Structure formats: C-alpha cells, structure tokens
Amino acid sequence: MGDTTNGLQLRSLIRKSGELEISLVSVPVSEPGPDDVVVRVEASPINPSDLGLLVGAADMTTAKTSGTKDAPVITAKVPEAAMKAMAGRLDESMPVGNEGAGVVVKTGSSDAAKALMGKTVAMIGGAMYAQYRTLKARDVLELPAGTTPAEGASCFVNPLTSLGMVETMRREGHKALVHTAAASNLGQMLNKICLKDGIDLVNIVRSKEQADLLRKIGAKHVVDSSVPTFMDDLTNALVETGATIAFDAIGGGKLAGQILTCMEAAINKTAKVYSRYGSSVHKQVYIYGGLDMRPTELNRSFGMTWGVGGWLLFPFLQKIGPAEGARLRARVVAELKTTFASHYTQVVSLQEALQLSHIAAYNKRATGEKYLINPNKGA
C-alpha cells in the first residue's frame with residue numbers, strides 16, 4: 001500500500017501582485033472516518049474547466065520555470081485588466097482537478113467503505129491532481145471489473161455534460177439540438193448519444209479536418225464556420241433537423257447570434273403567417289464554455305422569442321435531483337467503453353504536467369489534444 005500519510009498535490013495561486021504560481025506541495029492525507037475511503041489517484045484529465053482554475057487569466061506566454069525537477073514551480077504574469085475577475089481567489093493556494101479515478105487503498109470501518117477496499121473507483125469533487133484523496137464512500141463510483149483508472153477518469157464531467165444537454169433539450173420541449181466546437185471529446189460523446197437515441201444533432205466546427213473527424217464517427221449534420229457558405233449551410237441543417245436549442249462552447253464573438261439568426265430563418269421557411277415580431281417559436285442558446293473570451297455579440301435579427309443564457313453541469317444536476325442524476329450516472333457506467341470512451345494523447349506525472357512544453361500544449365485546448373495526469377506515475 002505504501003505511505004499514505006502524505007502525498008503531493010498540485011496547487012495554483014494568484015498573488016495580489018499579479019503573478020500566477022503553480023507548484024507541488026506535500027500535504028497530509030486525511031485519515032478515513034467510518035464512512036470514508038482513501039483513493040490512490042492514478043488518472044485525472046485536464047479539462048477546459050480545470051484550466052480555468054489552473055492558469056486563471058494568466059498570460060502563459062510569460063511563463064517561467066524554477067525550482068527542481070521533483071518540485072518545479074511555474075510563474076506567469078496576470079494582465080492588470082484581468083485581475084478584477086480573479087479577486088475571489090487572490091493569495092489563496094488552490095488545489096486543482098475536478099475529476100479522476102484510482103484504487104481504494106484504505107477505508108473506514110463501515111461496511112459500505114470496507115466493501116470498496118482494493119476497488120477501482122471514479123470520483124469528482126476537486127483536488128484530483130493529487131496522489132491521494134479521502135472521500136465519502138457514497139461519493140465515489142465503483143467501476144466495473146476490468147476497467148482501468150484511465151478508462152474511468154473522465155466519467156463525470158464530459159459524459160454528464162453531454163447527457164445533460166440532451167436532457168435539457170427534452171425537458172424544455174425541443175426536438176433537436178446544435179453544438180459548437182463539436183469535434184471535441186465532449187462533442188464526439190454527444191454525437192454517439194444522439195445517434196444511439198435517434199436525436200438530430202447539428203455540429204458546428206471550425207475546419208474541414210474537424211468535419212471529417214465527426215463524419216467518420218457517423219455525424220449526419222456538420223457545418224464548418226470557416227467557409228463562406230456557413231450561414232446558408234447552417235440554415236439548411238436547421239431546416240432539416242428543426243433544432244431550436246444550441247449549446248455553445250465558444251461564448252465570445254458572433255456565433256451565438258448567428259445560430260439564433262439561422263434558427264429564425266429556418267423557422268420562417270415553413271411559416272404560414274407573417275409576424276413583424278418574428279416567429280413565435282422559442283429559440284435558445286446556452287453558453288457553457290469560454291473558448292473565446294471576447295464579448296458575446298448579438299445582431300438582433302431573430303425576432304423576439306429567444307433566449308441566451310449560461311448552462312453549467314452542477315447546477316443542472318442539482319435541479320434534476322439525486323434520483324435523476326443517479327440514472328444518468330448509471331448510463332455512463334454501462335456505456336463507459338463505448339459511448340463515453342475518452343482518448344488521451346499524453347499521460348504525464350504531476351512534475352511533467354508542470355513542464356512548459358506540456359503546459360503550452362494542453363493550454364491550447366486543441367481538438368484531439370487531451371492530457372491525462374497520473375499523480376502516481378513513477379511514484
């Protein structure tokens with residue numbers, strides 16, 4: 001079992017002086033209470049939501065490395081204009097990593113905890129870029145026999161987000177949906193769900209390569225925002241599918257408004273009567289990411305029946321309640337190696353995750369460049 005009294009943990013700190021510092025610290029591992037388990041973390045993905053905490057608003061082109069090979073320290077400047085948005089975390093050293101998986105190496109005295117000894121489990125709850133995590137037995141998800149930590153590491157954020165989008169579509173009375181940055185790991189999962197469930201999905205991508213990737217896994221409606229015919233292509237796809245809800249990972253710029261404009265145009269192609277207020281069909285765009293941090297631009301050419309809002313996984317799960325959340329998690333476990341399989345281009349240790357070359361790669365958030373941290377690699 002090894003020493004579980006202390007373990008390394010990755011921390012991110014933004015000082016009031018305007019400097020980001022990322023480092024590894026040795027922290028005591030909490031002794032398990034009766035209902036707790038201690039998990040040796042062996043896989044934790046770097047998701048866009050993790051990068052928001054890991055690097056904050058720092059300008060990583062200014063990043064420098066110091067410290068030692070075993071205890072590297074990364075520093076970078078945070079632009080003055082971005083410091084206001086960081087006010088809530090200044091001078092607070094914060095653990096990073098939303099989700100992960102590993103093996104239970106120590107348990108409390110309850111039967112539920114003891115039953116997990118030696119089992120591979122997935123977990124969510126922050127501070128996963130660490131060698132050990134102590135959690136309530138009820139908060140970990142036992143993975144099927146034969147599942148590796150790497151296979152289970154991403155079974156919360158992307159799978160539940162993609163299922164949550166489909167569930168939101170159904171609950172709000174829409175019949176098809178639109179997704180941007182659609183060739184991402186999450187986007188590929190969403191395609192597999194929609195194909196399996198018979199739901200029409202319009203995928204918006206930014207290159208021919210991304211479009212080809214999606215078509216290869218069976219996507220039917222793919223439009224490329226980088227081509228001159230984008231607006232016509234999107235409108236035609238919306239006519240074919242009847243999609244009136246979109247989930248936008250981009251956030252900034254004109255795309256959200258363009259989607260609403262094309263939705264209105266698609267609806268009006270079959271409208272029976274003219275209304276100066278636009279169609280009476282509600283059109284909704286939910287922004288759930290910030291790949292573009294510029295302001296969201298809306299050129300209001302889509303009538304008066306529309307909405308733009310934010311969408312996040314955890315408020316959605318709270319809204320639907322524990323029973324529905326458990327139903328979604330059960331589907332993830334059942335389809336972990338098919339619909340919800342994740343693919344990684346690099347597996348790195350905690351120390352390797354702080355190499356400037358790796359930071360530059362995963363901070364690009366490029367399609368097909370997903371990193372996995374194994375905090376116990378080489379330990």
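The values are calculated or read from the model by the stated rules, or taken from the named source; none is laboratory data. Nothing here was measured: the structure is a model prediction, and the numbers come from that model. Using ideal geometry, Cβ is built from the backbone for each residue, glycine included, and neighbour counts are taken over all protein chains shown. Each accessible area value is taken on the protein alone, full model and side chains, heavy atoms only, with ligands, DNA and RNA left out. Shrake-Rupley method; radii C 1.70, N 1.55, O 1.52, S 1.80 Å.
Subtracting the Cα-Cα distance from 0.36 nm times the residue separation, let me have the gained length for Lys319 to Glu19 in nm, one decimal.
Values: separation 300, 0.36 × 300 = 108.00 nm, distance 3.72 nm.
Stretched fully, the Lys319-Glu19 segment lengthens by 104.3 nm.
Per-residue SASA remark: Met169, around 10 Å² accessible (1.4 Å probe; ligands, DNA and RNA not included). Close amide H partners of Asp59, meaning residues 5 or more places away or on another chain with modelled amide H under 5 Å apart, are Lys77, Val78.
Per-residue ellipticity at 222 nm computed for the chain from its helices equals -8500 deg cm²/dmol, with DSSP H segments shorter than 4 residues left out and the rest contributing -39,500 (n - 2.57).
Taking every DSSP beta bridge that has both ends in the chain, the antiparallel portion is near 60%.
Selection among Ala76, Ser279, Val96 by position relative to the dipole of the chain gives Ser279 as farthest towards the positive end (Cβ unit charges, Cα centre). The relative contact order of region 86-234 comes to 16 percent, based on Cα pairs under 8 Å that sit 6 or more residues apart. Remark: relative contact order (region 199-318) = 24 percent; criterion is Cα-Cα distance under 8 angstrom and separation of 6 or more residues.
In region 1-91, Cα pairs under 8 Å separated by at least six residues give a relative contact order of 35 percent.
For region 263-311, a simple Cβ point-charge model (Lys and Arg +1, Asp and Glu -1, everything else neutral) yields a dipole of about 240 debye relative to the Cα centre.
Which three numbers, in whole Å and largest first, are the semi-axes of the equivalent ellipsoid of region 1-158 derived from its Cα gyration tensor as √(5λ)? Please list the in-between numbers first.
On the way: eigenvalues 205, 49, 38 Å².
The three semi-axes for region 1-158 are 32, 16, 14 Å.
Among the trypsin sites (Lys or Arg not before Pro) found in region 317-379, those both in a DSSP coil and sparsely packed, with 14 or fewer other Cβ atoms within 10 Å of their Cβ, are Lys337, Lys364. Taking the Cα centre of region 77-157 as the origin and placing charges on Cβ (Lys, Arg +1; Asp, Glu -1), which of Gly126, Thr107, Val140 is farthest toward the positive end of the dipole? Farthest towards the positive end: Thr107.
Counting only protein heavy atoms and using a 1.4 Å probe, what share of the accessible area of region 211-250 belongs to carbon plus sulfur, as a whole percent?
Numbers: 890 of 1750 Å².
Result for region 211-250: 51 percent of the exposed heavy-atom area is carbon or sulfur.
Each Lys or Arg adds one and each Asp or Glu takes one away; over the other residues whose Cβ falls under 13 Å from the Cβ of Arg329, this sums to -3. Treating each Cα of region 187-317 as one equal point scatterer and applying the Debye formula with no solvent, the log10 of I(q)/I(0) at q = 0.10, 0.12, 0.18 Å⁻¹ comes out as -0.32, -0.47, -1.08.
Scanning the chain for chymotrypsin sites (Phe, Trp or Tyr not before Pro) in DSSP loops with at most 12 other Cβ atoms within 10 Å, what's the longest stretch left with none? Walk me through the numbers on the way to the answer.
Details: sites that count: Tyr274, Tyr277.
It works out to 1-273.
Taking only the alpha carbons of the chain, we obtain Rg and Dmax values of 22.2, 73 Å in that order.
Would you mind counting up the charge near Ala122? Only other residues with Cβ under 9 Å from its Cβ, with Lys and Arg at +1 and Asp and Glu at -1.
Values: positive: none; negative: Glu99, Glu142.
Residues close to Ala122 contribute a combined charge of -2.
How large is log10 I(q)/I(0) at q = 0.16 Å⁻¹ when the Debye formula is applied to the Cα atoms of region 71-146, each weighted equally and without solvent? So the normalised log intensities work out to -0.71. With protein chains left intact and a 1.4 Å probe, residues in the chain average 46 Å² of accessible area per residue.
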